[in-house]
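Working notes, beginning with the structure itself.
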Amino acid sequence: MCGITGFISSKYKKEDLIKMTTMLKHRGPDAGGYYYNSDLTIGLGHRRLSILDLNSGANQPFQSKCSRYRMVFNGEIYNFKKILNQLQLESNFIPKTSSDTEIVLEAFALWGDSFVNKLNGMFAIAIWDNQLERLSLFRDRVGIKPLYYYQKNNCFAFSSEIKSLVQLVSKNELTIDKTTVSDLLHYGYSIEDNSIYNEIKKIENGTSIIASKGKIIERNHFWKIENKVRKELVSNEPKVIKELDNKITDAVANRMIADVPLGTFLSGGIDSSLITATAQKLSDRPINTFSIGFKDQQQDESKYAKKIAKTLNTNHNELILGEQDAIEQVDKLFDVFDEPFGDSSSIPTLLVCEMAKKQITVALSGDGGDELFLGYGMYKWAERLSNPLLYHLRKPISKSLNVIGNNKYKRGAMVINTPSKKHLKSHIFSQEQYLFSKQEIDNLLVEKNRGNLILETFDVNRKLNPMEAQAFFDLKNYLKDDLLVKVDRSSMFHSLEVRVPLLDHNVVEYALNIDPHLKYKNGEAKYILKQVLYDYLPKKLFDRPKKGFSVPLSKWLKTDLKYLIDNYLSKTNIEQAGIVRFEIVENLIYRYFKGDDFLYNRLWILIQIHRFLEK
Amino acid sequence: MNELTSIIIPCYNAADYIQKTIKSVLNQSYKKLEIIIIDDGSTDNSLKIISEIDDTILCISQKNSGVSTARNNGLLKAKGEYVLFLDADDIISENFIEKRVSFLENNRDYDACCSSIHTINEKDKLINDVFFNISKKEELLNFEEEKYSCPSGYIFRTSSLIKNKLTFNKKLSSSADQYFLYEFFNNNKIGVVQNSPLKYRVLSSSMSNYLTQKLVEDQVIFLSLLTQNNLIPKKYIKAVTSRMNYTIGASYFHLNMNIRAVKYLIISFLISPKLFLKLKFR
């Protein structure tokens with residue numbers, strides 16, 4: 001796991017390359033490397049976090065055997081040994097290192113762009129071709145590893161994080177994308193290929209691009225999740241349990257290959273418990289497990305994690321936090337994320353990564369389980385609102401719920417009050433996250449801006465039921481642009497590599513086609529995944545409602561973090577920024593302090609945006 | 001799959017977008033292509049842009065005669081087993097041709113193939129959720145809202161067009177596409193493939209965005225041709241003609257041409273009072 005940077009530009013020099021790459025030192029503290037050719041105006045930079053083959057021979061930028069190609073690569077290819085066998089058969093290739101890096105480059109040299117279809121892993125790859133004078137970039141199927149680019153005035157630059165590109169081109173060259181600001185208010189994260197800056201974009205997942213002479217000349221999608229939805233479902237429960245267990249076991253086994261200490265995150269929930277149990281099954285020694293708990297008992301799940309760790313006989317590490325520990329992370333967020341980011345579960349994620357890094361360099365995490373197996377409560381909302389009667393009566397029902405008065409019903413009123421069927425999925429998501437609805441944003445912004453559009457209808461081989469469709473929407477958006485961003489930035493901030501077995505593309509492609517009635521059965525979410533889990537751990541350890549990985553932000557914003565509201569949402573600050581109307585914000589703050597606690601996340605995203613603009 | 005596909009691009013003052021259109025063709029995973037551009041008397045630098053992209057692209061100039069004539073002239077030049085009529089501001093996804101041609105190669109009883117549509121604006125940004133090309137006659141006759149007739153979305157089997165003497169009607173402008181499909185559905189079948197979208201550009205300046213008298217008169221001719229040539233099945237005649245007369249009448253009202261508006265609204269009512277009232281109070 002590492003950080004990569006580079007550019008094709010006659011404007012920037014080697015010292016610029018070094019500076020932009022150094023911004024990613026946290027991603028790769030073990031080594032740094034550069035390739036710069038002033039005649040060809042190409043620069044490639046790399047910061048290494050050594051995981052496989054700790055020798056310097058595997059450092060990057062890496063040069064191909066034929067000397068034609070140079071590569072910088074962030075990620076891990078789990079099937080690199082299988083690819084090596086193929087290379088040896090087809091080209092008598094003999095590796096110099098035991099790292100996957102060399103294999104990736106030689107695979108490209110032999111098979112060209114189609115090599116990417118052979119890779120199983122997480123990756124952001126940049127390969128420079130000296131002969132054709134062009135740069136090929138590849139981002140993995142699900143979007144686990146980040147890759148941003150900047151393109152303007154015959155300069156093309158790329159990086160693992162926005163901060164490097166800002167360092168290269170300077171803030172004066174960048175303009176704020178107001179459409180993204182509107183998106184942030186609704187989703188809490190920047191959507192699609194957008195970032196907070198007009199000039200910086202994300203390379204989409206499952207996509208390759210070719211750049212030459214300072215601009216993109218070709219773009220291809222080598223993997224699209226829509227193409228993986230099949231007409232036929234797998235519905236035989238015993239068969240699914242067995243096949244799913246096998247695929248998850250393979251995925252975990254592949255991700256346990258490392259030359260450095262490894263462990264798992266164990267929250268006590270279904271996904272992390274399954275990953276941990278599988279890893280323990282495969283290991284002849286106790287696995288290192290890590291969980292955090294809170295002194296505030298309502299939020300604390302650590303006792304469940306402890307029981308699970310004891311049952312599996314892992315080497316369990318627990319950190320119990322007070323409010324102050326978490327609050328101290330808040331200031332770090334702005335350095336970690338480079339743009340406003342509304343997901344406050346990044347706070348405990350940062351903490352667990354910091355703790356884990358003291359003992360391990362690689363952690364396995366259970367991300368993806370809720371999206372693949374219908375784990376979130378909002379999927380039930382999607383089902384409810386697909387009822388034509390409820391949908392048509394939504395406005396009077398919403399009014400009634402508002403009148404009833406308590407927080408829970410008021411929030412329910414906001415979920416039900418969806419503007420239209422066309423934007424139902426994004427509305428449900430935004431309300432589940434306690435963020436602004438589109439109607440609220442229309443009223444809030446000084447200059448009207450409807451934000452970018454996300455597709456909510458899917459052109460796939462079979463009709464998805466409402467719960468599946470909402471989950472598919474999350475797989476395409478929330479997972480990639482929120483959860484995986486949170487995991488990557490939080491872990492890399494502490495030079496920790498996190499691997500996500502449930503997002504192995506073989507697991508994803510299989511899970512997409514499991515009968516949804518096996519995923520949500522008899523009122524039970526993630527039913528089929530739990531059946532796999534119960535082969536490893538007793539059911540009674542999980543007999544409790546699902547809890548997210550969160551912090552009591554609604555409480556803290558009234559107490560220890562109130563200063564953020566006072567500083568960033570003051571009349572002066574809001575009017576100076578000129579994005580939102582102060583009278584609306586003032587009313588939100590008033591209602592929040594009067595008892596409408598569910599408004600906390602609206603205030604939180606406003607704070608994030610205004611803090612960013614101030615910086 | 002080794003059959004040639006002809007891409008016919010009628011071009012009229014398309015300098016702003018044609019580069020992206022052609023590049024999307026050149027970027028196709030399916031490589032056996034010929035590109036035929038019919039320049040319909042452009043007065044901007046469209047031709048210069050085209051020659052800068054690839055000077056081997058066949059570019060034929062004609063006096064300004066309209067998009068239907070341009071498409072028909074392109075069809076005369078086409079050598080491909082399959083043909084795509086691609087508008088000069090639309091973009092096709094990289095597997096667009098491959099998926100459609102593969103379908104037609106494996107389903108010889110189908111005469112055309114289509115998929116989904118993403119509508120984009122001047123800046124290539126999505127402006128609407130996914131639509132789909134019309135693939136059944138009922139979708140055309142029922143005026144289904146999320147179904148479009150834009151020809152850029154279809155790949156046609158050239159022999160099916162020739163056998164049935166199908167061309168774009170020169171008397172029509174914005175409704176030429178729909179009329180073409182009415183004729184096509186008489187003896188032909190359209191298949192559907194998943195997820196190889198057309199990016200259909202909707203410009204604020206495009207023909208169908210501004211209601212003009214010419215546009216409404218085009219609708220009048222369209223309706224007249226449909227009925228004269230018996231292209232509407234008996235079962236649908238009342239519904240289709242009542243609806244179209246209603247739309248024409250409402251359009252004339254928007255243009256403050258009230259006498260004509262009343263005429264068409266009365267016709268609509270007389271054909272089907274029930275539908276008229278449903279449309280009025282929608």
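The values are calculated or read from the model by the stated rules, or taken from the named source; none is laboratory data. Worth saying up front: this structure is predicted, and the values here are computed from it rather than measured. When we count neighbours, we look across all protein chains shown, and the Cβ atoms used for this are built from the backbone with ideal geometry, even at glycine.
A few points about this structure:
- Inspection of segment A:520-527 identifies at least one residue that is within 21 Å of the chain's Cα centre (by Cα) and closer than 20 Å to A:K242 by Cβ.
Yes/no matrix, rows are residues, columns are (1) of a type in the set (A, V, I, L, M, F, W, C); (2) touching a strand residue (DSSP E or B) at 6+ places or on another chain (Cβ under 8 Å):
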{"position": "A:N452", "(1), (2)": "no, yes"}
{"position": "A:V460", "(1), (2)": "yes, no"}
{"position": "A:E468", "(1), (2)": "no, no"}
{"position": "A:L484", "(1), (2)": "yes, no"}
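- Considering the conditions (1) outside any helix (DSSP H, G or I); (2) more than 17 Å from the chain's Cα centre (by Cα); (3) crowded, with 20+ Cβ neighbours inside 10 Å, B:L172 is excluded by exactly one of them, (2).
- Test: residue in segment A:207-228 that is farther than 29 Å from A:D129 by Cβ, among the aromatic types (F, W, Y) and within 18 Å of the chain's Cα centre (by Cα): no
- Taken over segment A:191-225, the criterion of being within 28 Å of A:N601 (Cα to Cα), among the polar types (S, T, N, Q) and within 14 Å of chain B (Cβ to nearest Cβ) is satisfied by A:N194, A:N198.
- Checked against the criterion of being out of contact with any Lys or Arg (no Cβ under 8 Å at 6 or more places or on another chain), buried (at least 17 other Cβ atoms within 10 Å of the Cβ) and away from chain A (no Cβ under 14 Å), the candidates B:L215, B:L198, B:L203 yield just one match: B:L215.
- Residues of segment A:470-485 classified as more than 23 Å from A:N198 (Cα to Cα) and either more than 14 Å from every other protein chain (Cβ to nearest Cβ) or in contact (Cβ under 8 Å) with a residue 60 or more places away in the chain (or both), total: 5
- Filtered by the rule that a residue be surrounded by fewer than 22 Cβ atoms within 10 Å (Cβ to Cβ) and either more than 13 Å from chain B (Cβ to nearest Cβ) or assigned to a loop (DSSP other than H, G, I, E, B) (or both), segment A:417-434 gives A:N417, A:P419, A:S420, A:E432, A:Q433, A:Y434.
- Within segment B:3-79, strands (runs of 3 or more DSSP E) holding 2 or more residues that are under 18 Å from the mean Cα position of the chain (by Cα) and modelled with pLDDT of 95 or more: B:5-11, B:33-39
- Leading residue by the ranking (farthest from the other protein chains (Cβ to nearest Cβ)) among those in segment B:71-95 that are among the hydrophobic types (A, V, I, L, M, F, W, C) and more than 21 Å from B:L26 (Cβ to Cβ): B:L76
- Index of the failed condition, A:K448 passing every other in (1) over 29 Å from A:L606 (Cα atoms); (2) part of a loop (DSSP other than H, G, I, E, B); (3) out of contact with any Ser or Thr (no Cβ under 7 Å at 6 or more places or on another chain): (1)
- Top-ranked residue of segment A:278-309 - restricted to ones that are in a helix (DSSP H, G or I), of a type outside the set (S, T, N, Q) and modelled with pLDDT under 95, ranked as farthest from the chain's Cα centre (by Cα): A:K307
- Applying the set (1) assigned to a helix (DSSP H, G or I); (2) surrounded by 15 or more Cβ atoms within 10 Å (Cβ to Cβ) to A:N317 leaves exactly one unmet item: (1).
- The residue pairs whose first member lies in segment A:447-469 and is more than 10 Å from every other protein chain (Cβ to nearest Cβ), whose second member is outside any loop (DSSP other than H, G, I, E, B) and of a type in the set (F, W, Y), and whose beta carbons are closer than 9 Å, counting only pairs six or more residues apart or on different chains, are A:G451/A:Y187; A:L464/A:F472; A:P466/A:Y379; A:M467/A:Y379; A:E468/A:Y379.
- Exactly one residue among A:Y379, A:Y409 is within 27 Å of A:V551 (Cα to Cα) and surrounded by fewer than 22 Cβ atoms within 10 Å (Cβ to Cβ), and that residue is A:Y409.
- Residue ranges of strands (runs of 3 or more DSSP E) in segment B:96-143 with at least 1 members away from every other protein chain (no Cβ under 12 Å), in contact (Cβ under 8 Å) with a residue 60 or more places away in the chain and within 14 Å of B:E81 (Cβ to Cβ): B:112-114
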